[in-house]
Every structure is written in structure tokens, then in C-alpha cells.
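> Mind looking over this structure? Questions follow.
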Amino acid sequence: MIYRFSSLTHMYSSASLFENICLLYHISGIFFLLISFYFKTINKWSLHGKNLFITIEEDERGHTYKFYTLKKKIDDIIISKAYFSHFYIVGLIVNSFLLFQDFIEYSKNERNGFYYISLTNVTLQIHLIRRLLEQLFVVRTTSKSFMHIISYFLGISFYVVTPFSLRHNDRIKYSLLTLFSLTLFVCGNLMQCDSHVRLARLRPQGGKKSDILYKIPYGGLFYFISCPHYFSEILIYFSFLTLNLNFMSSLNFTMVFLILIKNGIQTHKWYLKTLPSAYPNKNIYLKVKYI
């Protein structure tokens, strides 16, 4: 009895520590993202892909003062966008550990530990597996597809913290809200998968042609939304929020929402700047900007 009480006390103190870390991380991340809307340098550090490439090209115009030279050295620390797969690998490792730990712990005290495994973490696991497979076998990166090193570390840290932020070990109770959340999760994943396939088709597979920046995507939700892959990600994380209604999940959703809205704004500007004659098209009145 004393051992069990000590074990529970240790679990509670560890949970409180991780909760405080997650809280501090999300508040700091949200603050960083909010100021990135107004400060060009911080905004650039959070960009990736074509948005970062265009920004770098613009910054190559003549500046000679020392501060700019130092700033440019930091700005030039970029890596391939192919390393996006690291995010999902890290997320899967952390999330798998939590799921396994929960199952073992609750199986000791309950007949069926599955009833106490966090449903949010189960759906997150499915999402991470799908995103990793897409990144490895669907997404086509080019020599101009890269991200800033700060954006990389932000992504790694996000997928370390998110499994802890979404963890919820109360006994699973199925309701209309649960059904809505799971339906939204499935729809969001299907929409995102379709959008990523359409984006991948814009880049020829293999050869030097893969270095060509892709054209304006068409078909599916691209007829109605500027960035349906971002919009569907917002829906997926909103489903996590409705599955796990608490303050930490709301912070997690807010952070995802800000990241994707900011990327959507940059993508929308890229379309208008790079292909103004083709975008927006005649269906502009149906387009939802920035997502």
C-alpha cells in the first residue's frame, strides 16, 4: 500500500512538472508567433519551402552595414525541408512511449487498460503515422525546398510537447461530441491527404525538372480554399481540442492555428506575387484566403 501511494505521488509530481513545461512552451510559442506577424526577421525564421526561398532572394539585394551582415549569417542557417520527417518520427517515439506507459500502468489496476488510454493520443498516433508516410512517399522536395534551423527546432520541440499536452487519461466516455470529434478527425485527414497528393503531382518525379517551383494547384478543395492542406490540419487539431476540452489543449490548438494562418498568408502572397495572371482565378469569390 505504501509503495503504491509512493508510486502515485511520483506520477503526480512528474505529471505536474510536464504540465508546467508544456504550459510555458505553448505560451512562449504563441508569443513568438504573434510577434512574428510584425517583425520581418522573426517571420523569416519561421518560414519554409517556397516562402523562405522567395524571402532569401529578396534579401540578396545590397546591404553592407555590420548588423545586416551578422543577421544574414543567422538567416542563412537553413536545412532541407526533407527533414520534416524528423518531426513525425520524434512525435511517434514520444507518443508511443506515453501510450505504452499508460497501458501498462492502468492494466495493473484495471481489468482493461484500453479504457484509460488517452483517445486523443491514439488519434494523434494515427495522424503522425499518416504524415510520416506522406513525407516519405508522397511529398516531393526540391533543391529549393528548405527551412530555417529555428523553424526546424520549433517543429521538433512541438512534436515532443504535443503528446504530453493532449494526454487525457480519464475513462473513455463516448458521446455525440466524441463522435463529432472522430468524424472531424477522419475528414480532416482525408482532406489533407488529397491536398498533399495534388500538390505532389505538380512536381515531376525525379530529374532536374524537380527543381521547378510548382504551379497553382487545382482540383478538390483548391477550388474553394487557398491552402486546404493547412485548413485540414486546423480541423484535425480542432478535433483534438474537442476530444480533450481543457486549457492545455486550447493552447496547443491556438499555436497550431497561428502557425498555419501565418504560413497561409505567406503562401497566398506567393501566389499573387509569382503567378498574378493565373491566381486568383475566376472563382476568387469562393476562395477563403490564408487557409
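Any read-out appearing in this document is the output of simple, stated calculations on the displayed coordinates, not a laboratory observation. Quick caveat: nothing in here was measured; it's all calculated off a predicted structure.
> Step through the table entries K73/K215; K144/K215; K73/K262; K81/K144; K73/K269, compare each Cα-Cα distance with 19 Å, and write down the pairs that go over it.
K73/K215; K73/K262; K73/K269
> Continuing with this model, one more query. Once the piece of chain linking Y223 and A278 is laid out straight, how much longer is it, given 0.36 nm per residue of separation minus the C-alpha distance between them?
In short, 18.5 nm is gained.
> Tell me, in nm to one decimal, what length is gained between F137 and K269 on full extension, where the rule is 0.36 nm per residue of separation less the Cα-Cα distance?
44.7 nm
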